[in-house]
1. What translational diffusion coefficient, to the nearest whole µm²/s, does the range 1-53 have by Stokes-Einstein, given a Kirkwood radius computed over alpha-carbon pairs, a temperature of 25 °C and 0.890 mPa s viscosity?
2. For A44, which sequence-distant residues (separation of 5 or more, or a different chain) have an amide H within less than 5 Å of its own amide H, given hydrogens modelled in the peptide plane?
3. Calculate, in whole percent, how much of the Cα-Cα pair population of the range 48-98 lies beyond 18 Å.
4. Using a 1.4 Å probe and ignoring any ligands, DNA or RNA, find the accessible area of F77 and quote it in Å² to the nearest 10.
5. Could you please put K112, K65 in sequence from largest to smallest accessible area, using a 1.4 Å probe?
6. Hey, can you grab everything whose amide H is under 5 Å from the amide H of N68? Only 5+ residues off in sequence or another chain; H modelled, so Pro and N-termini drop out.
7. Arrange the peptides 155-164, 34-43 so that the one whose residues have, on average, the most other Cβ atoms within 10 Å appears first.
8. Roughly how many nanometres apart are two label points built 7 Å out from the Cα toward the Cβ at R70 and K26?
Amino acid sequence: MRLFIAVNFNDDIKGALASIQEQLKKSNVHGRYTAYENLHLTLAFIGEYGDPNAVLDALAGVKFKPFNLRLDGMGSFGSVWWAGIDADDELKRCASQVRHALAQAGIGFDKKRFSPHITLVREPGVQVIPSVEIPNVQMTVREISLMLSERGKRSMIYTELGTVLAEDTERTV
Ligand code: ATP
Ligand code: MG
């Protein structure tokens, strides 16, 4: 199973990201756009791993406080264009706790430095990111998710396998 740990977004954030994607499309950027329901922020990429319950057990030890994030500009890693994130320091603390918990449990993950970004489009076919208006929306993150990634016919299908709540947060659904 292909697994990763992510922050999933509310519709305010996803709507704002979709509006950026629309602006890019209007500027003739034709790439592989991330589907609305797939927009997310990866905290740690585990990759192939057979035991999601072991991951959830490890994550149960992660303690983090709710944190705020908002969108902050765009950037690129080669042919991957992304929206940046401005967040409380607690986001970084949360990501490092997740990674520490995985390491403690002997669960491998990609060790590249955490560089928070939301992939919007791949292989845009042009070099320069057109100027776009980034909607001023924000979100308080109260949970992180273990995600399963599977290849669908048209795009990836991500499925939430479990969540960890921030401290002092009660489950509402
Ligand atoms: P595709 O690979 O088909 O373009 P995807 O990248 O959305 O689709 P996955 O490769 O399963 O799907 O990746 C899931 C998440 O983990 C994405 O946010 C992706 O950017 C991130 N990710 C994938 N591989 C790595 C890696 N080696 N290191 C860090 N993050 C990764
Ligand atoms: Mg990938």
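1. 190
2. I5
3. For the range 48-98, the fraction of Cα-Cα distances above 18 Å is 54 percent.
4. So the heavy atoms of F77 present about 90 Å² to solvent.
5. Correct descending sequence by accessible area is K112, K65.
6. D88, V141
7. Ranked from most to least packed, the peptides come out as 34-43, 155-164.
8. 2.2
The values are calculated or read from the model by the stated rules, or taken from the named source; none is laboratory data. As the structure is a prediction and not an experimental result, all values here were calculated from the model. All Cβ positions, even for glycine, are placed from backbone atoms using ideal geometry, and neighbour counts span all protein chains on display. For the accessible areas, the whole protein counts, side chains as well, though only heavy atoms, and no ligand, DNA or RNA atoms are used. Shrake-Rupley method; radii C 1.70, N 1.55, O 1.52, S 1.80 Å.
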